[in-house]
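The values are calculated or read from the model by the stated rules, or taken from the named source; none is laboratory data. These figures come from a predicted structure and were not determined experimentally. No Cβ is skipped: glycine too gets one built from the backbone with ideal geometry, and neighbour counts run over all protein chains shown.
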């Protein structure tokens, strides 16, 4: 009872912090806007109450970016928690199966082909083709890893981990070759994409990511129950009536789809899928039916905070979002490891 009250209080606090952060995110940027303007834009007669340029900045530029940060952060954190539950390894993250590396190769190939071979197409369709190639690269990497992990006894998690390491190594070699062949403009574009960026967010990207997030959220009750049973072991989970192989395939597909869409939309964002489940698990415990929705909420808030800091710290300059998440996530992760080590020693 005390634990459930603690979880409710903690989630309520995160929701309040998220609302405050949304108002902050809509107010800061190259052009500062009053904080109350972020509250007025939703009113029917807000066009008359706000100057035209302020209304345009908030609704057309900052609001899509805020929404994209929320849905991508939620997807990455949820995917990380799913993979950690499936692999029963708290150090697992969405990049462990080579999804992010495959997506990076797809994006780099698209930028190289478009910018150097088809510059006219790059000007017209580059905004759509690069995310599409990134998504296809992530899907292809996932398919190869999955096919290598399937045995006559079912899906082998250890084989998939080794296959993910191999695919990531091959992807790094492919990226090195593409970087060697690329000109300065293509290389700079790819490096900026690889570090993650939410600038120029579009509503079609928000809608696509929100659709995938909705699928993940709808599956939380079933996946949470299955992952709880899987903590006991594959055999024990099957004795409890859990379709273990179906559960593994579903988790892999849902997590891979989520990471592929997120990476295609904003590039590679580090540490969200690794650190957020760690932090939330300290407060909610290992129950995935509570952990997964809490992780989804906290991941959304964390990425929004990171994106807002990226626009605010060095304004009018903007830091890539991957740098900010690494600066936040790495010290927090080290602190969690030190805390865990102290508990083991004591």
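Only a single item in (1) closer than 29 Å to residue 6 by Cβ; (2) surrounded by fewer than 23 Cβ atoms within 10 Å (Cβ to Cβ) is not met by residue 199, and it is number (1). Of the helices (runs of 4 or more DSSP H) lying entirely inside segment 1-69, those carrying at least 2 residues that are within 30 Å of residue 283 (Cα to Cα) and either over 28 Å from the mean Cα position of the chain (by Cα) or at pLDDT below 70 (or both) are 2-27. For the structure I just gave you, tell me whether residue 186 is at pLDDT below 85, in a helix (DSSP H, G or I) and surrounded by 15 or more Cβ atoms within 10 Å (Cβ to Cβ). Here the answer is yes, as residue 186 does meet what is asked.
Might you let me know whether segment 96-105 holds any residue that is surrounded by fewer than 16 Cβ atoms within 10 Å (Cβ to Cβ) and either more than 15 Å from residue 189 (Cβ to Cβ) or at pLDDT 85 or above (or both)?
No, every residue in segment 96-105 fails to be surrounded by fewer than 16 Cβ atoms within 10 Å (Cβ to Cβ) and either more than 15 Å from residue 189 (Cβ to Cβ) or at pLDDT 85 or above (or both).
Any residue at all in segment 147-155 that is at pLDDT 80 or above, within 25 Å of residue 251 (Cβ to Cβ) and surrounded by fewer than 16 Cβ atoms within 10 Å (Cβ to Cβ)? Scanning segment 147-155 turns up at least one residue that is at pLDDT 80 or above, within 25 Å of residue 251 (Cβ to Cβ) and surrounded by fewer than 16 Cβ atoms within 10 Å (Cβ to Cβ).
Can you confirm whether segment 317-338 contains a residue that is in a helix (DSSP H, G or I), in contact (Cβ under 8 Å) with a residue 60 or more places away in the chain and farther than 28 Å from residue 198 by Cβ? Within segment 317-338, not a single residue is in a helix (DSSP H, G or I), in contact (Cβ under 8 Å) with a residue 60 or more places away in the chain and farther than 28 Å from residue 198 by Cβ.
With the structure loaded, tell me whether residue 120 is in a helix (DSSP H, G or I), surrounded by fewer than 24 Cβ atoms within 10 Å (Cβ to Cβ) and at pLDDT below 75 or whether it fails that test.
Values: in a helix (DSSP H, G or I): yes; surrounded by fewer than 24 Cβ atoms within 10 Å (Cβ to Cβ): yes; at pLDDT below 75: yes.
So residue 120 passes the test.
Once segment 201-237 is narrowed to residues that are outside any helix (DSSP H, G or I) and touching a residue at least 40 places away in the same chain (Cβ under 8 Å), the residue that is nearest to residue 84 (Cα to Cα) is 231. Every test in (1) within 20 Å of the chain's Cα centre (by Cα); (2) within 30 Å of residue 188 (Cβ to Cβ) is passed by residue 295 save one, and that test is (2). Can you confirm whether segment 165-179 contains a residue that is modelled with pLDDT under 85 and farther than 21 Å from residue 258 by Cα? Looking for residues that are modelled with pLDDT under 85 and farther than 21 Å from residue 258 by Cα, one finds at least one in segment 165-179, hence yes.
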